[in-house]
Amino acid sequence: MSTTVYTTMESPFGRLLLSGVLPEGGGPAALATVTAPGQKYALAEPADEWVPDREALAEPVAQLTAYFAGKRTGFDLPLAPEGTEFRRRIWAALDEIPYGTTVTYGELAELAGQEPRMVRAVGGAVGANPLLIVRPCHRVLGASGALTGFAAGVDRKRWLLDLESGTLF
């Protein structure tokens, strides 16, 4: 049976909650969730069975800190998000969107090998992304280029896109 650990970290969005799954043989946790205060469809507090362990999640904290400082453009972490096969396929396609660029939901559907008409289902999978920021769902825009939907709020989405475009630093 695996153990889920958690920690928090300060960010431009407030205190982020990170959780991860410890490997059976020990070592750093595989990141399972990153959530921001007020984020839709996400835990605001750790689940009762989660165990605090800052050390096991030190690398995700360090990489997120560097990202927010404009010193990191991607993440190199073991990941353990839970989701259906369809959602995991969409989340994997999110990983293919380069730093500083955006795609539409239709383009993301195509990246994931889905029909462009699947935009609603793709949008649902993007909205259920448990790895805020690490899996760059903020890089997905509406067909018109509008900043539509972001579980942590459109203002935060705009901030992330501004960070990645270099307008913050």
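The values are calculated or read from the model by the stated rules, or taken from the named source; none is laboratory data. Computed from a prediction, not measured in an experiment: that's the story for all the values here. Neighbour counts are summed over all protein chains in view; Cβ atoms, including those assigned to glycine, are modelled from backbone coordinates with ideal geometry. Just so you know, the surface numbers come from the protein's heavy atoms only, side chains and all, with ligands and any DNA or RNA stripped out. Shrake-Rupley method; radii C 1.70, N 1.55, O 1.52, S 1.80 Å.
Overview of results
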| quantity | calculated |
| --- | --- |
| In the range 8-29, the residues that are out of contact with any Ser or Thr (no Cβ under 9 Å at 6 or more places or on another chain) and more than 21 Å from LYS157 (Cα to Cα) | GLY25, GLY26, GLY27, PRO28 |
| Residue match in the range 33-44 (condition: open to solvent by 70 Å² or more (accessible area, probe 1.4 Å), part of a loop (DSSP other than H, G, I, E, B) and among the basic types (Lys, Arg)) | yes |
| Qualifying position, being open to solvent by less than 40 Å² (accessible area, probe 1.4 Å) and farther than 28 Å from GLY14 by Cα, among ALA80, ALA93, ALA109 | ALA109 |
| Hits in the range 124-146 (condition: free of Cβ contacts under 8 Å to residues at least 40 places away in the same chain, closer than 19 Å to PHE86 by Cα and open to solvent by 20 Å² or more (accessible area, probe 1.4 Å)) | GLY124 |
| Subset tally (residues that are among the charged types (D, E, K, R) and either at pLDDT below 95 or closer than 13 Å to GLY142 by Cα (or both)) for the range 86-109 | 1 |
| Every pair of residues 6+ apart whose Cβ atoms lie under 8 Å, when the first sits in the range 1-15 and is in a strand (DSSP E or B) and at pLDDT below 95 while the second is among the hydrophobic types (A, V, I, L, M, F, W, C) and open to solvent by less than 20 Å² (accessible area, probe 1.4 Å) | GLY14/ALA36 |
| Members of the range 15-28 that are open to solvent by 20 Å² or more (accessible area, probe 1.4 Å) and either basic (Lys, Arg) or closer than 13 Å to LEU64 by Cβ (or both) | ARG15 |
| Failed item, numbered, when LYS71 is tested on (1) in contact with a Ser or Thr (Cβ under 9 Å, 6 or more places away or on another chain); (2) open to solvent by less than 60 Å² (accessible area, probe 1.4 Å) | (2) |
